[in-house]
Each structure stands twice: as C-alpha cells, then as structure tokens.
Amino acid sequence: MAKETLLEMVQDILSDGDGDEINSIGDTVESEQLATIIKQEFLMIADQMDLEHHKTIKRLTATSDTTPAQMTRPEGFYDIEWIKYDKRLTSGGAPEYEQVTYLPPHEFIELSVNLRESDSNTVTMAVNSHSLNIRNDKHPTYWSFIDGYDNIVFDSWLDSLDTTALVAAKSLAYGTQRPTLTIANASVPDLPQNLMSLLRNRSRAMFFDLYKDGTTKEIDKRQRNSEVRAQRQRHIAAKNRRKLQRRTPDYGRK
C-alpha cells in the first residue's frame, strides 16, 4: 500500500476544513501553512517514537591535524549506540573493525590526566577549553563526548599508520539518523504505515486549533485513538526486540 504524499495529506485535511481545492502546496497561503504543520508534527513523531528504521551506520567526520584524536558526528546523527574503528596494523589486507568502548566524560578525562605529557608516546590535544593528553602509538580504545554533543574524542591514534589523524573511512558508528521532510508535492513522510494516521490526525488537530475554530470532538477522538495505537505498537515492537535479544547467541569477544 503506497503512502500518501505531502500534497495528498494537505488536500485531505483542507477538505475536512472546507478549504480551497488545490493542485499544489504552493497554491494558497493556507495550504503552505498546513504543509509546515505536517512537517513539524512529522519531526516530533520521529523524535518521540525512536523508530528502529531510522537507525543506521554512518562514517564519522574527520577534523584536522591539530585534533588528531577527535572526530564529529554527521549532521542529524544522534543517539550513537556504538563506534568501531578499523584496527588493522598494516595498510593492506581486509579491514579489522573492532569496537571502541564509550567512557563517561569524567572517566575519560581521568584516563587522560594519568598520561604523562613528557612521554614520547603522548601528545596534548586542545578540545575547546580542555587540553587532553592522548597516545599516538595505538589505535583508539575509548571514546567520549567532551564540550558538546558534536565533538567525539578518542584516547589515541596510531600515527605510524594514520599519519596525521584518525581516518573517517576507517570509522563506523551506529545510531539514529533524524529524517527530514521537504515541503514539496511529491514528498513522502519517512514513517511506518501505522504512524501515518497519527501524523495526519495530529496535523489536522493542530491546523484546526490554529487556523479554524478549534478541533471538534471527532478530531480529538481520532487523535487520541491514533496516539494509543502508536504507543501500543511501540511497546509490542520493544517487547519483540527484547525477546530476540534473549534468543540471539552472544558472539562478542570477552
């Protein structure tokens, strides 16, 4: 079953409110206002529901030679669950991705201050208001956030192989990519089919509240029912994931 386009949603909700018939979102001010509401409600649902199909693997972004053990997350990429780095010791051969362990900032800083700057395998790296001691003779073992959610710092890099800094192409991170919705006729909200009715009913209720005489009892009822169904589906999905995790063997290294 094909999902509705943004134009079709706008036309449907305008029809409920006895609005003008349109052939394009840009035809009237009212249709543009409604499209903006749908976009805002879409982003709210995506953030609130923490949807599995918005989770993906991304490369981190390298910074500069002055911050060799620091990388940044791609725009809109958040809730990072794990980071891996290619830890092979030669430039040839197949990649050898291994997990880099997350440390809370205070533990990461404690690790850093225990390194002696005078040691030949230790360098100082400035991260905003902090100066961190990091090693330059091994691949990273730990990572953390220091001074903001965008800056990801690592405890080391292997300068004999990654000459000037950690390499973006050797990084893998698993997290949530926040979706976008362009206000265009053919745009389709990136939501599961079961959440499309929630998006439509939330948008309808907000549109009527802002630009009509308020929501009717029927509109309120539709929205509440959509919210209940969405939450129920969310709990079922979470329960199934937990069952799957219990059944799945753990092949991780100890």
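The values are calculated or read from the model by the stated rules, or taken from the named source; none is laboratory data. Quick caveat, the model's predicted, so the values are computed rather than measured. Backbone-built Cβ (ideal geometry, glycine too); neighbour counts: all protein chains shown.
Across the range 36-50, the qualifying residues are those that are hydrophobic (A, V, I, L, M, F, W, C) and closer than 12 Å to residue 179 by Cα, and the one among them that is surrounded by the fewest Cβ atoms within 10 Å (Cβ to Cβ) is 44. Residue 184 meets the stated requirement of being within 26 Å of residue 53 (Cα to Cα) and in a loop (DSSP other than H, G, I, E, B). When residue 96 is tested against (1) loosely packed, with under 15 Cβ neighbours inside 10 Å; (2) closer than 18 Å to residue 180 by Cβ; (3) in contact with a strand residue (DSSP E or B) (Cβ under 8 Å, 6 or more places away or on another chain), just one condition goes unmet, and that condition is (2). Checking each residue of the range 51-67 against the condition of being surrounded by 13 or more Cβ atoms within 10 Å (Cβ to Cβ), among the β-branched types (Val, Ile, Thr) and over 21 Å from the mean Cα position of the chain (by Cα) gives at least one match. The residues of the range 138-174 that are hydroxyl-bearing (Ser, Thr, Tyr), closer than 28 Å to residue 53 by Cβ and not in a strand (DSSP E or B) amount to a single one, 149.
Return yes or no: is residue 100 outside any loop (DSSP other than H, G, I, E, B) and either of a type in the set (Asp, Glu) or modelled with pLDDT of 95 or more (or both)?
On the way: outside any loop (DSSP other than H, G, I, E, B): yes; either of a type in the set (Asp, Glu) or modelled with pLDDT of 95 or more (or both): yes.
Here the answer is yes, as residue 100 does meet what is asked.
Whether a residue is free of Cβ contacts under 8 Å to residues at least 12 places away in the same chain, assigned by TED's automatic domain parsing to the domain that holds residue 141 and either more than 12 Å from residue 153 (Cβ to Cβ) or loosely packed, with under 12 Cβ neighbours inside 10 Å (or both) was assessed, and residue 118 passes this test.
Within the range 41-75, can you find the residues that are in contact (Cβ under 8 Å) with a residue 40 or more places away in the chain and of a type in the set (S, T, N, Q)? Residues satisfying the conditions are 56, 61, 63, 64, 66, 67, 70, 72.
Residues that are touching a helix residue (DSSP H, G or I) at 6+ places or on another chain (Cβ under 7 Å) and free of Cβ contacts under 8 Å to residues at least 12 places away in the same chain within the range 26-40 comprise just one, 26. Inspection of the range 82-92 identifies at least one residue that is crowded, with 18+ Cβ neighbours inside 10 Å, modelled with pLDDT of 95 or more, under 30 Å from residue 171 (Cα atoms) and touching a Lys or Arg at 6+ places or on another chain (Cβ under 8 Å). Listed conditions (1) modelled with pLDDT under 95; (2) basic (Lys, Arg); (3) in contact with a strand residue (DSSP E or B) (Cβ under 6 Å, 6 or more places away or on another chain) are all met by residue 170, apart from (1). The condition of being part of a helix (DSSP H, G or I) and hydrophobic (A, V, I, L, M, F, W, C) holds for only one of 2, 35, that being 35.
Here's the yes/no breakdown for (1) buried (at least 18 other Cβ atoms within 10 Å of the Cβ); (2) in contact (Cβ under 8 Å) with a residue 40 or more places away in the chain:
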| position | (1), (2) |
| --- | --- |
| 101 | no, yes |
| 107 | no, no |
| 133 | yes, no |
| 147 | no, no |
| 161 | no, yes |
| 166 | yes, yes |
| 178 | no, yes |
